[in-house]
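*Asks:* Pasting a structure here, questions to come.
Please treat every number below as a calculation from the coordinates, not as lab data. Bear in mind the structure is a predicted one, so any value in this text is a computation, not a measurement. Reconstructed Cβ throughout: ideal geometry from the backbone, glycine too, with neighbour counts over all protein chains shown.
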Amino acid sequence: MTPPLQDDIYELVRQPIDASALAGHVRAAEDGATVTFDGYVRNESHNRPTLYLEYEAYESMALAKMREIGAELHKKYRIHRVAMVHRLGHLEIGETSVFIAISAPHRAAAFDACRFAIDTLKRTVPIWKKEFFEDGAVWADGELPPAPTATPRAKPAS
Amino acid sequence: MLLAPPSHAGYNSVVTPVSQTVRVKVLFFGRLKELIGRGEDALEVSEASTIEQLFTAYAGRHPELGKFRSSLVASRNQEFAAWDTPLHSGDEVAFLPPVSGG
């Protein structure tokens, strides 16, 4: 049996994301549905016009966390393939910053998995966004990833 | 927290192990990188120092850093880690502000 992540794609890129290529990659004969999430740069933040964004990442850890999300997706949901790509560097308004495509035999699992994937990415993957405005720049408010509070810490039984 | 002082070698010194230090790689991201002025550093710390002590050493040099303590998480070797995690030679520690990808 092939490991479930083998046909998946997890990448950080500095060039525009080719969304249709990723959606095509996950699509296979045994599937019946693909759900995609396309996250792109909005032209305002807290009612201030945004000029552009810059993303940076702790790249080795970000990729490891993206693969962890993938492994969890395959465990939790009856899905087939995952493509998860985040762009770094300078992004203009309207450009895709993150794209996720998930295929499955049946749509419900693909919808649920895609929602879980983007929500978990935003909470746990070490990527940071800086927003540039006419009159300056700010690091976007983010979420503090859940981290162990003391070591060692036993995992609660589920 | 910096380099341990050289051992006082002299006529009467016997060969005893000096207090061990370990070298760790330290990474800063986002606003922390801007505050420190660099994204990557290497530091010698005494063996069994914790991530918390490492942070305190940097906060000593960059007092503004201290106010971010409660809004950071730390990682050791690409895994989120508790502040009381002891450090070993070659560890890669990072201080991570709230993440905002997506």
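*Asks:* Going toward the positive end of the dipole of the stretch A:26-80, with +1 on Lys and Arg Cβ and -1 on Asp and Glu Cβ, which of A:74, A:61, A:47 do you reach last?
*Replies:* With unit charges placed on the Cβ atoms, the residue in question is A:74.
*Asks:* Also, quick follow-up: Could you give the size of the charge dipole of chain A about its Cα centre, using +1 on the Cβ of each K and R and -1 on the Cβ of each D and E, expressed in debye and rounded to the nearest 20?
*Replies:* Here chain A has a charge dipole of around 700 debye.
*Asks:* Using a 10 Å cut-off around each Cβ of peptide A:126-133, what is the average number of partner chain Cβ atoms that fall inside?
*Replies:* The per-residue average across the peptide is 5.
*Asks:* If you take each beta carbon of peptide B:79-86 and count the beta carbons of other chains within 10 angstrom, what is the mean?
*Replies:* On the way: counts 6, 8, 3, 7, 5, 5, 4, 1.
What the average comes to for B:79-86 is 5.
*Asks:* Please compute, over every Cα-Cα pair in the stretch A:27-125, the percentage with a separation greater than 17 angstrom.
*Replies:* Of all Cα-Cα distances in the stretch A:27-125, 55 percent exceed 17 Å.
*Asks:* Determine the shielding of peptide B:65-77 by partner chains: average, over its residues, the number of Cβ atoms on other chains within 10 angstrom of each Cβ. Mind dumping the intermediate values first?
*Replies:* Numbers: counts 0, 0, 0, 0, 0, 1, 2, 2, 7, 2, 6, 1, 3.
Mean inter-chain Cβ contacts per residue within 10 Å come to 2.
*Asks:* Taking the Cα-to-Cβ direction at residue B:61 and at residue A:123 and moving 7 Å from each Cα, how far apart do the two end points lie in nm?
*Replies:* Result: 3.5 nm between the two label points.
*Asks:* Considering only A:59, A:68, A:30, give the residue with the highest GNM mean-square fluctuation for chain A, with springs between Cα atoms whenever their separation is below 10 Å.
*Replies:* A:30
*Asks:* Further question on the same structure: Principal axes first, then extents: for the Cα atoms of the protein assembly as shown, list largest minus smallest coordinate on each axis, whole Å, largest first.
*Replies:* On the principal axes, the protein assembly as shown reaches 81, 54, 31 Å in Cα extent.
*Asks:* Related question: Can you find, among B:30, A:147, B:66, the residue farthest towards the positive end of the dipole of the protein assembly as shown? Put +1 on the C-beta of Lys and Arg, -1 on that of Asp and Glu.
*Replies:* A:147
*Asks:* Counting each DSSP H run of 4 or more residues in chain A as -39500 (n - 2.57), what helix-only mean residue ellipticity at 222 nm follows after dividing by all residues, to the nearest 500 deg cm²/dmol? Write down the numbers at each step before the final one.
*Replies:* On the way: 3 runs with 44 residues, N = 158.
Taken over chain A, the calculation gives -9000 deg cm²/dmol.
*Asks:* Considering only A:63, A:144, A:73, give the residue with the highest GNM mean-square fluctuation for chain A, with springs between Cα atoms whenever their separation is below 10 Å.
*Replies:* Largest GNM mean-square fluctuation: A:144.
*Asks:* Over the stretch A:1-74, what is the mean sequence separation of C-alpha contacts under 8 Å (at least six apart), divided by residue count, expressed as relative contact order in percent? Working shown, then result.
*Replies:* Values: 25 pairs, mean separation 31.4, N = 74.
This gives 42 percent for the stretch A:1-74.
*Asks:* Among the aspartates and glutamates, which have Cα under 15 Å from the Cα of residue A:129 when same-chain residues fewer than 8 positions away are ignored?
*Replies:* Leaving aside aspartates and glutamates fewer than 8 places away in the same chain, those within reach of residue A:129 are A:44, A:54, A:56, A:59, A:92, A:95, A:141, A:143, B:34.
*Asks:* How far, in degrees from 0 to 90, does helix A:107-124 lean away from the longest principal axis of the Cα atoms of chain A, to the nearest 10?
*Replies:* 40 degrees
*Asks:* Let me ask something else. Show me the ranking of peptides A:134-143, B:42-51, A:108-117 by mean Cβ neighbours inside 10 Å, starting with the highest.
*Replies:* A:108-117, B:42-51, A:134-143
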